[in-house]
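What follows is one structure encoded as structure tokens, with my remarks underneath.
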Ligand SMILES: NC(=O)c1ccc[n+]([C@@H]2O[C@H](COP(=O)([O-])OP(=O)(O)OC[C@H]3O[C@@H](n4cnc5c(N)ncnc54)[C@H](O)[C@@H]3O)[C@@H](O)[C@H]2O)c1
């Protein structure tokens, strides 16, 4: 069941870079957005990021060759019809996604696999309007991480009725395109990555609320302790490194004391109410000058590129010799 025609619906932060990633790995992609001006903007972003991939040696083809694989499709029906795989990356609004999948179910051929890039919604909550049960067998979440052309992980969350060969063909496509996909075995909100990341966010915000430390000091702790090891040892590997007898005692002593709030902290709501939205407004938990924002973006890109090169080197070293 080879996937050759890929369509992206939604060309914002995620859609544009997912399209770029597939194009950079030789796949033809159709990119659709309900906002025509956004489509033009997405193409500029794609070209800029393709140039960056080239500059850092992550693609060897000409930037024009990669960009030419992306076809802008202002018409929804021509974008979707004939696709083998449609990935939606429209805003995280349940009714919008439900409606879109209902339309895709009607327009797409029976061979099409439908996928959502949702950050939190499980497939069965979005698949409410499918006419045939066969479509549920071809429906899943493909959760890419931002920036999608530089972050390796894609979480695959199959619909409970999804067929294993469909999941296998999506996994094969992603591996062929240099991603590190992981199948989430049961539907669960937020999947794996965001559940882990937000457990950390909740505890960090609670420490600030209790006056234990400033956001800056908490970031210093994270960046200079477990954050250093995680790229090498992950979560369970870190525990194995430390010794599970030690971890058991720490869990016993610490779990009763950790934050278990079920609602976001007041401080976060206050920041949002006052327009302190983070980098995009120049101020969030921290304040940022234009120069600091540029430096932060540059350092993040440099680090992600470095990690991709290291992963490629490690894979080559681990590959069986001919
Ligand atoms: N931004 C992130 O860090 C991130 C990471 C992982 C997953 N996601 C998920 O990806 C999805 C998209 O997020 P984003 O950040 O790219 O959003 P975005 O707002 O940047 O882009 C969404 C795009 O969808 C278009 N759109 C809206 N309704 C449409 C419709 N009916 N048909 C076609 N296009 C339509 C908009 O014009 C816009 O260009 C969300 O589900 C989000 O939760 C986001």
Checking 107, 141 in turn, the sole residue that is at pLDDT 95 or above, more than 17 Å from residue 11 (Cα to Cα) and either surrounded by 23 or more Cβ atoms within 10 Å (Cβ to Cβ) or more than 16 Å from the ligand (Cβ to nearest atom) (or both) turns out to be 141
task = State whether the residues of the stretch 82-90 include one that is within 10 Å of the ligand (Cβ to nearest atom) and farther than 13 Å from residue 10 by Cα.
result = no
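From 76, 22, grab the single residue that is touching a residue at least 40 places away in the same chain (Cβ under 8 Å), within 16 Å of the ligand (Cβ to nearest atom) and either outside the structural domain of residue 145 (by TED's automatic domain parsing) or more than 21 Å from the chain's Cα centre (by Cα) (or both). Working first, answer last.
Numbers: 22 fails: either outside the structural domain of residue 145 (by TED's automatic domain parsing) or more than 21 Å from the chain's Cα centre (by Cα) (or both).
So the residue among 76, 22 that is touching a residue at least 40 places away in the same chain (Cβ under 8 Å), within 16 Å of the ligand (Cβ to nearest atom) and either outside the structural domain of residue 145 (by TED's automatic domain parsing) or more than 21 Å from the chain's Cα centre (by Cα) (or both) is 76.
Please note which helices (runs of 4 or more DSSP H) are completely contained in the stretch 169-273 and include at least 3 residues that are closer than 27 Å to residue 113 by Cβ. Quick ask: steps written out before the conclusion?
Details: elements: 193-209, 215-224, 226-233, 236-242, 244-254, 266-273.
Counting at least 3 such residues, we get 193-209.
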Residue 257 vs (1) modelled with pLDDT under 95; (2) loosely packed, with under 10 Cβ neighbours inside 10 Å; (3) under 20 Å from residue 199 (Cβ atoms): all pass except (1)
Being within 25 Å of residue 199 (Cα to Cα), in contact with a strand residue (DSSP E or B) (Cβ under 9 Å, 6 or more places away or on another chain) and surrounded by fewer than 12 Cβ atoms within 10 Å (Cβ to Cβ) narrows 243, 275 down to just 275
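Residue check: is residue 35 under 19 Å from residue 143 (Cβ atoms), near the ligand (Cβ under 9 Å from one of its atoms) and modelled with pLDDT of 95 or more?
Working: under 19 Å from residue 143 (Cβ atoms): no; near the ligand (Cβ under 9 Å from one of its atoms): yes; modelled with pLDDT of 95 or more: yes.
Against the criterion (under 19 Å from residue 143 (Cβ atoms), near the ligand (Cβ under 9 Å from one of its atoms) and modelled with pLDDT of 95 or more), residue 35 does not qualify.
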Does residue 118 satisfy being assigned to a loop (DSSP other than H, G, I, E, B), at pLDDT 95 or above, within 16 Å of the ligand (Cβ to nearest atom) and at negative phi?
-> yes
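Within the stretch 231-249, how many residues turn out to be modelled with pLDDT of 95 or more and under 19 Å from residue 308 (Cα atoms)?
Residues of the stretch 231-249 that are modelled with pLDDT of 95 or more, as a first pass: 233-249.
If we keep only those that are under 19 Å from residue 308 (Cα atoms) as well, we get 233-234.
Result for the stretch 231-249: 2.
The values are calculated or read from the model by the stated rules, or taken from the named source; none is laboratory data. Keep in mind it's a predicted model, so treat the numbers as computed, not measured. Neighbour counts are summed over all protein chains in view; Cβ atoms, including those assigned to glycine, are modelled from backbone coordinates with ideal geometry.
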